[in-house]
Amino acid sequence: MNAIPDRLPIGSADGVVFDVAAWGPANAGVDLSVACMFEHEAGGAPVAGGLLALDQALGGHLTRLRADGFFLGQAMETLLISQPPQDMAPRAVLVIGLGDPDTLDGDRLRQATRVAMHEAIRHGARTMAFAPSVLDGGLTDNAKLNMQEVMLDGMLSALRAELALAAAGLAPRPLLEQCTFDVGAPRLANAAQAFAAAFETLFEAD
């Protein structure tokens with residue numbers, strides 16, 4: 001049995017609770033666990049962290065699919081694993097391409113979170129988790145990305161777009177109740193503070 005992960009709140013908006021949890025995409029106990037992947041790791045670094053654990057849980061198929069050209073990791077390319085191994089916690093896994101790590105910017109990361117939210121809602125998920133996997137892909141110098149605010153902005157804008165569709169009678173109301181951001185355990189407290197501050201900033205700007 002997996003231990004209950006440490007998790008900390010961020011805030012609530014439009015019927016969805018946002019939080020952070022000390023887990024990775026392979027052991028996120030959610031309906032849809034989302035990870036991201038570059039076309040190649042930055043600077044030739046090996047796959048690491050939660051992305052490595054996900055690849056190992058999938059029997060190495062994730063990196064093999066990329067190496068064989070079936071999933072290239074190009075920007076916003078998606079790979080849905082609808083039948084993960086039974087010993088994995090998530091009911092399904094979505095991998096989103098982030099393209100070339102050398103050209104990653106906030107807009108591309110924002111777009112990835114929008115894709116994640118839209119796909120979670122289309123999947124009928126009540127719970128989702130998102131791992132940007134930027135560090136796992138070897139990109140350690142990412143302060144300029146303003147990641148917490150960018151990711152929250154993308155998630156919230158996509159959620160509101162789906163709610164607008166539902167209000168217009170053009171789609172069912174989203175079932176999503178909880179959205180969790182994956183972080184490493186040593187970074188949990190700092191990440192929660194940064195996300196909470198970004199959450200307040202976004203709502204002050206509304």
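The values are calculated or read from the model by the stated rules, or taken from the named source; none is laboratory data. What you are looking at is a predicted structure, and each value in this text was computed from that prediction instead of being measured. We place every Cβ from the backbone using ideal geometry, glycine too, and count neighbours over all the protein chains shown.
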Worksheet item: Checking residue 201 against (1) in a helix (DSSP H, G or I); (2) crowded, with 21+ Cβ neighbours inside 10 Å; (3) β-branched (Val, Ile, Thr), which test does it fail?
Response: (2)
Worksheet, complete the sentence: Residues of region 182-199 being touching a residue at least 12 places away in the same chain (Cβ under 8 Å) and out of contact with any strand residue (DSSP E or B) (no Cβ under 8 Å at 6 or more places or on another chain), in sequence order, are 184, 185, 194, 197, 198
Fill in: region 59-85, residues that are out of contact with any helix residue (DSSP H, G or I) (no Cβ under 9 Å at 6 or more places or on another chain) and either modelled with pLDDT under 95 or of a type in the set (Lys, Arg) (or both)
66
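For region 28-83, how many residues meet the condition of being charged (D, E, K, R), touching a residue at least 60 places away in the same chain (Cβ under 8 Å) and over 29 Å from residue 124 (Cβ atoms)? Outline the logic, then answer.
At the first step, the residues of region 28-83 found to be charged (D, E, K, R) are 31, 39, 41, 55, 64, 66, 68, 77.
Imposing the further condition that a residue be touching a residue at least 60 places away in the same chain (Cβ under 8 Å) reduces the set to 31, 39, 41.
Still in the running and over 29 Å from residue 124 (Cβ atoms): 39, 41.
Count: 2.
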Practice prompt. Could you please let me know if residue 34 is among the β-branched types (Val, Ile, Thr), in a loop (DSSP other than H, G, I, E, B), crowded, with 17+ Cβ neighbours inside 10 Å and under 17 Å from the mean Cα position of the chain (by Cα)?
Written response: no
Fill in: Residue that is surrounded by the most Cβ atoms within 10 Å (Cβ to Cβ), among those in region 157-198 that are assigned to a helix (DSSP H, G or I) and of a type outside the set (A, V, I, L, M, F, W, C)
162
Item to complete: Tell me which of these residue 86 doesn't satisfy, since it passes every other one: (1) without any contact (Cβ under 8 Å) to a residue 24 or more places away in the chain; (2) farther than 20 Å from residue 176 by Cα; (3) in a strand (DSSP E or B).
Response: (3)
